Every structure is written in structure tokens, then in C-alpha cells.
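See below for the structure under consideration.
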Amino acid sequence: MNPPRNSTAARDVASVLHPYTELKSHLTKGPVVIARGEGVRVWDDQGKDYIESVAGLWCAALGFSNERLVEAATAQMRRLPFYHAFTAKSYEPLIDLSEMLLERAPPSVDGAPMSKVFFANSGSEANDSAVKMVWYYNNAVGRPRKKKIIARLKGYHGVTVAAASLTGLPNNHRLFDLPIAGVLHTMTPHHYHGAEPGESEEDFATRCAEELEALILREDPETVAAMFAEPIMGAGGVILPPATYFEKIQAVLRKYDVLLVADEVICGFGRTGNYWGSQTYGIQPDILTCAKALSASFLPISAVMVNDRVFQGLAEGSSQVGTFGHGFTYSGHPVSAAVAIETLRIYDEMNLVEHAATVGAHMQAGLRERFAEHPLVGEVRGTGLIAGVELVEDKAARRNFDPARKLGARLMALGEQNGVILRAMPGDSIGFSPPLVITEAEVDEMLDRFGRALDALA
Ligand code: PLP
């Protein structure tokens, strides 16, 4: 059906090239036009309300309204709407936000604190920046061959050329001529699908670490620079690391002097029930990237934190060539930084991390009680306020539906009819990552609406 002529939907179809959309069928189907938001809900232009089960794109941690953030942005726009940090310029919001992030950072390798913060605008840019820092660092310290980067199949690190290469999903590579040379992928640590019959989580984690070690040895450790990993793999299907995974992975990385970059773009700022996913899983990264909830998504901003070893290498390199030749016009934009500062204050004042842990436990229990036995559900998994519900055709064989049946997309459409915006990922996994401010009553309502959509699919 074509959208009505001259409607907002028709104007969209005539003018917008949508990200992550089936471009051809969009020409006939048209968009859902979201007109406003409040709390955990958004409303479309017909006045229908939806609970946002994924906080937009795993990001609107304070929901879709917050006057303090509006004030923080407005005040900063009046005071200094733009400045930059190139050529040693600075401004208070940049310094304040750097300090706040370092105060909150998880410990780096051997318990040492993170040392410096670099800002960008998106998770992809943060990860691309981290890749470039790793290369620059190894050049500066005299290891020009040590450049390859390892990521994981089903990992998601963004869409810019380097970040999309790290991403381990076929749609981000096929037709884009990616990944770039020097990016390697190791196995997905998903016990549900990857384990042999009867294999414990610990044994499976050992096998994941052995595969990583074999990959490093095959490539030559002198050529492998870093590994990127999300604490919980988000867009690849909400895949939790099996017990002891990161302990074993980190032992391998240290053995071959390979840096670990924790991609906390989704997991950071309370999502897993701790401030960082790294704390939930005992990760001590050399470099940490974050974005999304950093500003509660009121404005774009992302950050790369580096430990002192990496920073000293970068400083050494820049003294060799003149400057550290990397940065965006809007690296640490003052208005975004002011909003991020206010966001982090609000998180502290609300004890939002504890709230996420408490309400998260309620959400996890609700998802398991209501849906684990559902005939279409293979696995319910998650911790804190992040979860995945994976649809399967055959529960015993753990076999997914043929992708051509588009179960996930159909469930998203049924969700919309039932007043909940859902996010389907590869393998028909449905992600839950609601605003961190969600209440238990709102979780129940979200699960009611999801349940009605799922039953309609059955
Ligand atoms: N890293 C992770 C773990 C993500 O989930 C995402 C986006 O969902 C990104 C990186 C890319 O962030 P952005 O879309 O802001 O570029």
C-alpha cells in the first residue's frame, strides 16, 4: 500500500534515505512518524503511544523528556555554543566531563586508573579513533608490524569503515567491500548455540580462549595489536559471555601483549546493573569507548578513555611527528559536553545504576517467567536492564527460523500494533534495553504488550 499522497509519510518516502531500512519496500510501506516523547513512551503523529523497549537505539537512558538536560544545553548555548579542542584550546565543560569520566572509569590493566579522555560524536567514531590510536601507539613505540585487530563474529562496533570492519555481521560487510585488511574475527561466545552437547560454560569459555590463542599464533603475535569486545554483545543478539570468558580471554591477550578495547557503547552507565559492563565481567581494558547513555542521547557525544601506557605512547608519537593528527570538528562539542555532565550528575543523584539493577532483576524474572516456555522462544538471556529473547523454529534442536520468513520483522510490526516498539536482530533475537528510568509497573506493561504481539505471531 502506498502512503497517502502529501501525507508526512509520503513526504518521507519522497525525500529520506533511511539508515538500516529495507530501502525498496520502504517506498511502498512508508515510515512510522514519531512526533513526541515523554518518559519511556513515544507517540506517533496519529496520537498512538508506544513503550520504547530499546530506548530508541539502546541509548535514551533517561527516557524521552528531561527538563534539566534542556536547561543545561540552553545555558551552554548562551554561554559558548561552540569551541574546539584543537591546537591546545580548551573550555570548562571539556575538562569537567573528562574528569568526571576518569573518576567513574573502571580500573585498567593491573588496577591502574584510566589516564586521558578523547571525545568524538558517535560510537563508530569512538571505535575508529581507538583503532587509529592503537596503530599510532604501536608505530610510536617502534612496533610497526603490530597492527592487526581482532573482533568477534556477531560483535557490533558501528558503521564507519574501520568500525564496520570490526563488526562481525554479514550485512555490514557484504556489498560494502568490508572488512578492511588486517581485521580478524574470532568465534562468538554464545553458549546456547556454540557449545557442544554437555559442555559447561567454563569449558566453552576455555575453548573460546584457545581459539583466540590459535588465531594469534597463526597470524604471528608480533602482528596482532588489539582486540575489541563488547562486555555483552548487543546488536548481534544480546549475547552474554559464558562464565570465566573474559578472565581467560584477558590471560591470552596479556600473554601476547595485545591491547584490549572494551566497547561500552551499550553497556556503559548502568545498563548491566553496574556502572560499566567491564565491572560486571571483570574486564580491565587498556582502552574504553562509550557513547549513547553518556548524554542520555539528548545530543551526540562519545568518548575514548585510554590508560597511561597507551597515552604515553601517543604522547611519544606526537613529539616525533609534531602533533597527534586526529580529531573531529565536534570532538567534545561544548553543548554536548554540558549535557553529558548534567546527565552523569542526574545518574548519581537518582542512584540510577542501583535502580537499573533492581528493576533489571524484575525485568529478567518477568521475561523468563512469561516467555521461556513459549513455543516460539528458544532462549531468554540477559542481566540488568538488557535482555534478548531468541525465537526458534525447533526448541529441542535450537534451530532458528529461515531468515526468509522474517519472523523478527513481523514481530516488530505486531509490536507496533500492540503499542510497543521492539528491535529484532539477526537470528530473530528480540532485544530489550528500555530507558534506565523505567519502573517495575512500566516493565510489566511493556511485557504485556510484547506478550500480545508474540501470541499474535504464534
Ligand atoms: N558499539 C556498540 C556496542 C554499539 O551498539 C553501537 C551502536 O549501536 C556502536 C558501537 C556504534 O555507535 P553509533 O551508532 O553511535 O556510531
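Quick note: the coordinates plus some simple rules give every number you see, no bench work behind them. Keep in mind it's a predicted model, so treat the numbers as computed, not measured. Counting neighbours? That spans all protein chains shown, and the Cβs are built from the backbone with ideal geometry, glycine included.
Numbers for the structure displayed
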quantity: Förster-model FRET efficiency, 56 Å R0, residue 203 and residue 406, C-beta, rounded to 0.05; calculated: 0.95
quantity: 5 Å-binned pair-distance histogram of the stretch 176-319 (Cα, whole percent); calculated: 2, 9, 16, 20, 20, 17, 10, 4, 2, 0, 0, 0
quantity: Full-stretch length increase - residue 329, residue 448 - with 0.36 nm per residue and alpha-carbon distance subtracted; calculated: 38.3 nm
quantity: Simple spin-label estimate for residue 80 and residue 95 in nanometres, 7 Å along Cα-Cβ; calculated: 0.9
quantity: Cα-projected label distance for residue 132 with residue 373, points at 7 Å along beta-carbon direction, nm; calculated: 5.5
quantity: The stretch 71-350: Rg to Rh, with Rh as the Kirkwood radius over Cα pairs; calculated: 0.97
quantity: Local electrostatic count at residue 103 - Lys and Arg +1, Asp and Glu -1, tallied over other residues with Cβ under 11 Å; calculated: -2
quantity: Share antiparallel - DSSP beta bridges, the chain, percent rounded to 5; calculated: 65
quantity: The stretch 306-374: GluC sites (Glu not before Pro) in DSSP coil with no more than 15 other Cβ atoms inside 10 Å; calculated: 373
quantity: Sorted peptide list for 100-107, 242-249, criterion being average Cβ within 10 angstrom, highest first; calculated: 242-249, 100-107
quantity: Cα convex hull of the stretch 230-272 - mean projected area over all directions, nm²; calculated: 3.4
quantity: Farthest toward positive dipole pole in the chain [+1 Lys/Arg, -1 Asp/Glu at C-beta], among 193, 135, 367; calculated: 135
